[in-house]
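Here's the structure we're looking at; comments come further down.
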Amino acid sequence: AAAVLAALDGWPHAEVAIYNRTAHRATAVAARARVAVRVAATAEDAVDGATCVVNATTIGMTSDDHPVRLDAVPAGAAILDLVIRRGETSWVRDARARGHRASDGLPMLLEQGALAFERWFAIAAPREVMRDAMRVAVAL
C-alpha cells in the first residue's frame, strides 16, 4: 500500500481512500503519503466513488476470498490486485466477469524489475523477455 501511495505522489489531484482492519495501521500508512489520503472505516466506504481499486493485502493469495465485495465497487472502476497467483485471483476473474478492467500484480512486478535492471545496468530492460519469463514462471 505504501508503494502504491508513493507511486501516486506525482499524480495531480489524486485522492486516495485506504482501509485496513487495524485503524492505526491505516493511519500510519496515510501519514507517510504525499497525496490526499482519507482513512475509511470499511472496505466498502473506501471504494465508494473510486475509479481504481487496489488490493494491497494478501487476501486471495491462498483462497478465493475477495478483499471487498464487487457489488460495492463502482461500475467502470479499474481493479488492480497486487496478489500474484497462478490463473489470477478469483477477485480479478470475477471483476472482469462483471465488466471491470482488472489485472493482477504481474505488470507491476515486471515494471519494478525493469526499472531495477535499468538502474543497475544503465541500459533498457528487455521487457518482452522478462514478460515471457514471468508467464512461464506463473504457469508452472
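The values are calculated or read from the model by the stated rules, or taken from the named source; none is laboratory data. What you are looking at is a predicted structure, and each value in this text was computed from that prediction instead of being measured. Note that each Cβ is placed from the backbone with ideal geometry, even for glycine, and that neighbours are counted across all protein chains shown. To get the accessible areas, we keep the full protein, side chains included, count just its heavy atoms, and leave off ligands, DNA and RNA. Shrake-Rupley method; radii C 1.70, N 1.55, O 1.52, S 1.80 Å.
Data overview
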read-out: Single condition T62 does not satisfy, out of (1) β-branched (V, I, T); (2) surrounded by fewer than 16 Cβ atoms within 10 Å (Cβ to Cβ); (3) not in a loop (DSSP other than H, G, I, E, B); value: (3)
read-out: Single unsatisfied condition, V47 versus (1) among the β-branched types (V, I, T); (2) touching a His at 6+ places or on another chain (Cβ under 8 Å); (3) open to solvent by less than 40 Å² (accessible area, probe 1.4 Å); value: (2)
read-out: Condition broken by R86, with the remaining ones in (1) outside any loop (DSSP other than H, G, I, E, B); (2) under 27 Å from V68 (Cα atoms); (3) open to solvent by 70 Å² or more (accessible area, probe 1.4 Å) satisfied; value: (1)
read-out: Matching entry among V68, V73 (being over 20 Å from A133 (Cα atoms), open to solvent by less than 50 Å² (accessible area, probe 1.4 Å), in contact (Cβ under 8 Å) with a residue 24 or more places away in the chain and touching a strand residue (DSSP E or B) at 6+ places or on another chain (Cβ under 6 Å)); value: V73
read-out: Filtered residues of the stretch 37-59 (kept if more than 17 Å from A23 (Cα to Cα) and not in a loop (DSSP other than H, G, I, E, B)); value: C52, V53, V54
